[in-house]
1. Being assigned to a loop (DSSP other than H, G, I, E, B) and of a type in the set (Asp, Glu) is the filter; apply it to the stretch 104-156 and report the residue that is surrounded by the most Cβ atoms within 10 Å (Cβ to Cβ).
2. Is one or more of the residues making up the stretch 86-93 outside any helix (DSSP H, G or I), modelled with pLDDT under 90 and under 22 Å from the mean Cα position of the chain (by Cα)?
3. Check whether at least one residue in the stretch 343-363 is touching a residue at least 24 places away in the same chain (Cβ under 8 Å), over 28 Å from the mean Cα position of the chain (by Cα), surrounded by fewer than 13 Cβ atoms within 10 Å (Cβ to Cβ) and over 15 Å from Leu243 (Cβ atoms), and report yes or no.
4. Condition test on His73, is it under 27 Å from Ile132 (Cα atoms), surrounded by fewer than 18 Cβ atoms within 10 Å (Cβ to Cβ) and in contact with a His (Cβ under 9 Å, 6 or more places away or on another chain)?
5. In the stretch 26-53, what residues are touching a Phe, Trp or Tyr at 6+ places or on another chain (Cβ under 6 Å) and touching a residue at least 60 places away in the same chain (Cβ under 8 Å)?
6. So for the stretch 30-42 (the condition being out of contact with any strand residue (DSSP E or B) (no Cβ under 7 Å at 6 or more places or on another chain), under 24 Å from Lys152 (Cβ atoms), among the aliphatic types (A, V, I, L, M) and surrounded by 17 or more Cβ atoms within 10 Å (Cβ to Cβ)), does at least one residue qualify?
7. Would you confirm whether or not the stretch 180-199 contains a residue that is at pLDDT 75 or above, outside any loop (DSSP other than H, G, I, E, B) and surrounded by 12 or more Cβ atoms within 10 Å (Cβ to Cβ)?
8. Can you confirm whether Ile66 is at pLDDT 95 or above and either of a type outside the set (Lys, Arg) or closer than 13 Å to Leu23 by Cα (or both)?
Amino acid sequence: MNQILIDLLAKARLEIFVDNPFLGFVLQHFEIILDEKVKTAATNSEVIYFAPEFLYSLNMEETKFILLHELLHIILFHPFRTKFRHHKKFNIACDIVVNDILIDFGFKYGKLNPLWGRDFHLNGCLSTAEEIYEKLPIKVNRYIIDAHELWKDINDNNPSKYHVAHALENASKRYGMDQLLYNRTIRINSSAKHKKDWVSLLKKHMHKHIVDYSFDRVDNRFTDVLLPDLRPQDLALNNVWFLIDVSGSMDNSLIVDAYHQITMMIKQIKYVKGQVSFFSTKVTKPKSIQNIRDLNESISKIDTTGGTDFNCIFKTINEYFRLDKPKIIIILTDGFGRVDKEVNPNIPVIWVINQTKAHFPFGDVIYI
């Protein structure tokens, strides 16, 4: 029977490739395994599993539908996104998204009885799994075709995430990405897309921090001789001005996220010298920071008026930095505020925000 099933899967792969070359190409990057321990079908974001008896019960269109169902879980990074959420409820949200997209693509599901967004007056094509999750009833007792138990131990550090991203990148170069999938993967992975490590992001703004040598003992074979320890050059970032939004729309968790981002930068770049200010409709006097302790102490300087006005930042540059202007300005914000188009700080600006709807007339944008 196994050879019959292997042939069925090979034919299904080929038909998917003909129907949708992008999805078919991505599918080639993932192994499909028959496993009697699985009740129906499952994926751990590395492998797609089928229970032999379940697969044997499917016709060709049903086999293709289940294969694509698992593949879309992988493409949309669903196994990585459960986090603190109720496992079964989030599984249902993910299935609604996947099934609605497949129907929108025109794939048939035969005698299967998949979950649809319309069952809950929702649209999985226009919503993320997280958005569907929030709108579902607290208790949802519905049959789920595939098993999601393998997702429980998967987190962002799992190397399969990079394999998925690589497969998507290769498929996009060869065949282009369907607009619906493109919009969704950009939306879901806007943080991943822009969440470059700080070293890469700021490399063009950094310079060499040279430590010529030290006379620490580096070779214990010599008891009476101290050899100089020649050290590699480290990258440093000097004269950076961090501004953290403390307006009314920024709750405590967002402010903590902003601190976390700066902490990560200091840990990665090692030599960071700069100033930190807080802003709403006014900007607090910059406080020098060179390490995480300085950053933590700066929280006592928070002062807010409640509103948000980005223009106040650029109006105070000359006031706070009369002699030595910042080499780069990094603004950590939720993006809700006003910035005039005619503002031109003549200093590189990076906006670090937590949502994709904000637009700024200048500077680079990354997402947290």
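1. Initially, the stretch 104-156 is screened for residues assigned to a loop (DSSP other than H, G, I, E, B), giving 106-116, 121-128, 136-146, 148, 152-156.
If we keep only those that are of a type in the set (Asp, Glu) as well, we get 146, 153, 156.
Working: Asp146: 23, Asp153: 9, Asp156: 10.
Per the stated criteria, the residue is Asp146.
2. Keep residues of the stretch 86-93 that are outside any helix (DSSP H, G or I), which gives 86.
Still in the running and modelled with pLDDT under 90: 86.
Narrowing the set further to residues that are under 22 Å from the mean Cα position of the chain (by Cα) leaves 86.
There is at least one residue in the stretch 86-93 that is outside any helix (DSSP H, G or I), modelled with pLDDT under 90 and under 22 Å from the mean Cα position of the chain (by Cα).
3. The answer is no; no qualifying residue exists.
4. Details: under 27 Å from Ile132 (Cα atoms): yes; surrounded by fewer than 18 Cβ atoms within 10 Å (Cβ to Cβ): no; in contact with a His (Cβ under 9 Å, 6 or more places away or on another chain): yes.
Considered against the rule, which asks whether it is under 27 Å from Ile132 (Cα atoms), surrounded by fewer than 18 Cβ atoms within 10 Å (Cβ to Cβ) and in contact with a His (Cβ under 9 Å, 6 or more places away or on another chain), His73 comes out as no.
5. Just the residues of the stretch 26-53 that are touching a Phe, Trp or Tyr at 6+ places or on another chain (Cβ under 6 Å), to begin with: 33-35, 38, 40-42, 48.
Result: Val38, Thr40, Ala41, Ala42.
6. Let us first name the residues in the stretch 30-42 that are out of contact with any strand residue (DSSP E or B) (no Cβ under 7 Å at 6 or more places or on another chain), namely 36-37.
Subsequent filtering for residues that are under 24 Å from Lys152 (Cβ atoms) retains 36-37.
Imposing the further condition that a residue be among the aliphatic types (A, V, I, L, M) reduces the set to none.
No - not one qualifying residue is present in the stretch 30-42.
7. Step one: list which residues in the stretch 180-199 are at pLDDT 75 or above, which gives none.
Scanning the stretch 180-199, I find no residue that is at pLDDT 75 or above, outside any loop (DSSP other than H, G, I, E, B) and surrounded by 12 or more Cβ atoms within 10 Å (Cβ to Cβ), so the answer is no.
8. Values: at pLDDT 95 or above: yes; either of a type outside the set (Lys, Arg) or closer than 13 Å to Leu23 by Cα (or both): yes.
In short, yes.
The values are calculated or read from the model by the stated rules, or taken from the named source; none is laboratory data. Computed from a predicted model, the values in this text were never measured in an experiment. Counting neighbours? That spans all protein chains shown, and the Cβs are built from the backbone with ideal geometry, glycine included.
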